[in-house]
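Engineer: Have a look at this one before I ask anything.
Since every read-out is calculated from the coordinates, none of them should be taken as a lab result. Small disclaimer: the values here were computed from a predicted structure and weren't measured. Note that we place each Cβ from the backbone using ideal geometry, even for glycine, and neighbour counts take in every protein chain shown.
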Amino acid sequence: MEESTQREKILKKVRNALIRKTNNPFPDLDFESDIYKEINDSLEVVFAEEFIKVAGKFVYCESEKEFAESLKILMCENNWINVFCIEEKIKQILTDGQIPFLFENDDMKDVEVGITFCEYLIARLGSIMVSSKQECGRRMFVYPPVHIVVAYISQLVPNLKQALDGIKQKYGNKMPSMISVITGPSRTADIEKTLVMGAHGPKEIYVFLIDDTLYE
């Protein structure tokens, strides 16, 4: 039977290629060595610089108390009222700082700001790694118009590889069903090449980095 379509010709070539496997033409290729230049600055500085480049907003705090104070000022400046958080440790920090917040499921429909922790901060990319294993689940990373991430300096890693290694070590055989890397606010230019912020998630994202090395 003659090959009647270009598709059939391509599929035949694929089948033949799978049958006649060739030796690796690059047996000495090194997949383990780091491809990046060495980071010469502190990870927090590198992360802050890269995060700001992708339209993120970065706030350094020396303590959890300073985080609460800075957040209170930010809420006043932006007239934020419906701040939502369900992560217990952050809820305690907000309570101690006398910051009102919502936490019931029914309150989600009115949320303006969502506050969560993260898994890691990836310094070289200015990115935030999150997972479905966090107390907040999945929805808090995409639903609120403003996403505030609370992180600690001990969560900073140089590259994506270290973040993934940390996830494997943390969860073992019970890996999260979702691991995501957030790099700046949600955006798209699919429609007439016009940049739209907040298309598929938060249009603003903040990272409050708390220095937990001061108390080691």
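Engineer: Per residue of region 76-93, in order, report the coupling 6.51 cos²θ - 1.76 cosθ + 1.60 (Karplus, θ = phi - 60°) as ³J(HN,Hα) in whole Hz, putting x for Gly and Pro.
Structural biologist: These are the phi-based 3J(HN,Hα) values: 5, 5, 9, 6, 7, 10, 8, 9, 10, 8, 10, 7, 4, 5, 5, 4, 5, 4 Hz.
Engineer: Whole-Hz ³J(HN,Hα) for each residue in region 111-126, computed from phi via Karplus 6.51 cos²θ - 1.76 cosθ + 1.60 with θ = phi - 60°, x for glycine and proline: what do you get?
Structural biologist: Ordered by residue, 3J(HN,Hα) equals 5, 9, 9, x, 10, 9, 7, 9, 8, 8, 10, 9, 4, 4, 9, x Hz.
Engineer: Residue 40 to residue 179: FRET efficiency via 1/(1 + (r/R0)^6), r the Cβ-Cβ distance, R0 35 Å, to the nearest 0.05? If you can, show how the numbers build up before the last one.
Structural biologist: Values: r = 29 Å, r/R0 = 0.83.
Calculated value: 0.75.
Engineer: Are there trypsin sites (Lys or Arg not before Pro) in region 103-174 that DSSP marks as loop and that have at most 12 other Cβ atoms within 10 Å, and which are they?
Structural biologist: Details: sites: 109, 124, 133, 138, 139, 161, 168, 170, 174; in loops: 124, 133, 138, 174.
Filter output for region 103-174: 174.
Engineer: Another question, then. Can you tally the net charge around residue 84? Count Lys and Arg as +1, Asp and Glu as -1, for every other residue whose Cβ sits under 12 Å from the Cβ of residue 84. If you can, show how the numbers build up before the last one.
Structural biologist: Numbers: positive: 91, 109, 139; negative: 87, 104, 106, 107, 110, 112.
Residues close to residue 84 contribute a combined charge of -3.
Engineer: Pick from 31, 58, 67 the residue whose mean-square fluctuation is largest in a GNM of the chain, springs joining Cα atoms under 10 Å.
Structural biologist: Checking each option, the largest mean-square fluctuation is seen for 31.
Engineer: Nearest 20 debye, what's the magnitude of the dipole of region 1-133 about its Cα centre given +1 on Lys and Arg Cβ and -1 on Asp and Glu Cβ? Let's see the in-between values first.
Structural biologist: Working: 17 positive and 26 negative charges, 233 e Å.
For this selection, approximately 1120 debye.
Engineer: Return the distance in nm (one decimal) between the two label points of a simple spin-label model at residue 5 and residue 112, each offset 7 Å from Cα along Cα→Cβ.
Structural biologist: Once both label points are built, they end up 5.5 nm from each other.
Engineer: Reachable aspartates and glutamates from residue 170, Cα under 20 Å, same-chain residues fewer than 8 places away excluded?
Structural biologist: Output for residue 170: 87, 88, 119, 135, 212.
Engineer: Quick one: dipole size for region 41-215, taken about the Cα centre, charges +1 on Lys/Arg Cβ and -1 on Asp/Glu Cβ, in debye to the nearest 20. Walk me through the numbers before you get to the answer.
Structural biologist: Working: 18 positive and 25 negative charges, 149 e Å.
Here the size comes out at about 720 debye.
Engineer: Could you work out the local net charge near residue 66, counting Lys and Arg as +1, Asp and Glu as -1, over the other residues with Cβ closer than 11 Å to its Cβ? Please report the intermediate quantities before stating the final value.
Structural biologist: Working: positive: 65, 72; negative: 62, 64, 69, 211.
Its environment carries a net charge of -2.
Engineer: Would you mind computing, in nm to one decimal, how far apart the modelled labels at residue 66 and residue 168 are, each placed 7 Å from Cα along Cα→Cβ?
Structural biologist: 3.6
Engineer: In the Gaussian network model of the chain, springs joining C-alpha atoms below 10 Å, which of 70, 180, 33 carries the largest mean-square fluctuation?
Structural biologist: Maximum among the listed residues: 33.
Engineer: On to the next question. Mind checking the angle between helix 6-19 and the chain's longest principal axis? C-alpha axes, 0 to 90 degrees, to the nearest 10.
Structural biologist: It is inclined by approximately 90 degrees.
Engineer: A further question on this structure: Run the quick spin-label model on residue 96 and residue 142: label points 7 Å from Cα toward the beta carbon, then report their separation in nm to one decimal.
Structural biologist: Simple spin-label model gives 3.4 nm for this pair.
Engineer: Here's a follow-up. How large is the Kirkwood hydrodynamic radius of region 1-43, in angstrom, based on all distinct alpha carbon pairs? Walk me through the intermediate numbers first.
Structural biologist: Details: mean 1/r = 0.0665 Å⁻¹.
Kirkwood radius, region 1-43: 15.0 Å.
Engineer: At 222 nm, what helix-only mean residue ellipticity would the chain give, in deg cm²/dmol to the nearest 500, using -39500 (n - 2.57) for each DSSP H run of four or more? Show your work: numbers first, answer last.
Structural biologist: Working: 5 runs with 61 residues, N = 216.
Only helices count here, giving -9000 deg cm²/dmol.
Engineer: Along each principal axis of its Cα atoms, how long is region 41-215 end to end? Whole angstroms, biggest number first, please.
Structural biologist: Per principal axis, max minus min of the Cα coordinates gives 51, 38, 35 Å.
Engineer: Picking from 38, 69, 119, which is most flexible by a Gaussian network model of the chain using Cα springs under 10 Å?
Structural biologist: Largest GNM mean-square fluctuation: 38.
Engineer: Out of the DSSP beta bridges found with both residues in region 41-215, what percent are antiparallel (nearest 5)? Show your work: numbers first, answer last.
Structural biologist: Numbers: 9 of 30 bridges.
Percent antiparallel among DSSP bridges in region 41-215 is about 30.
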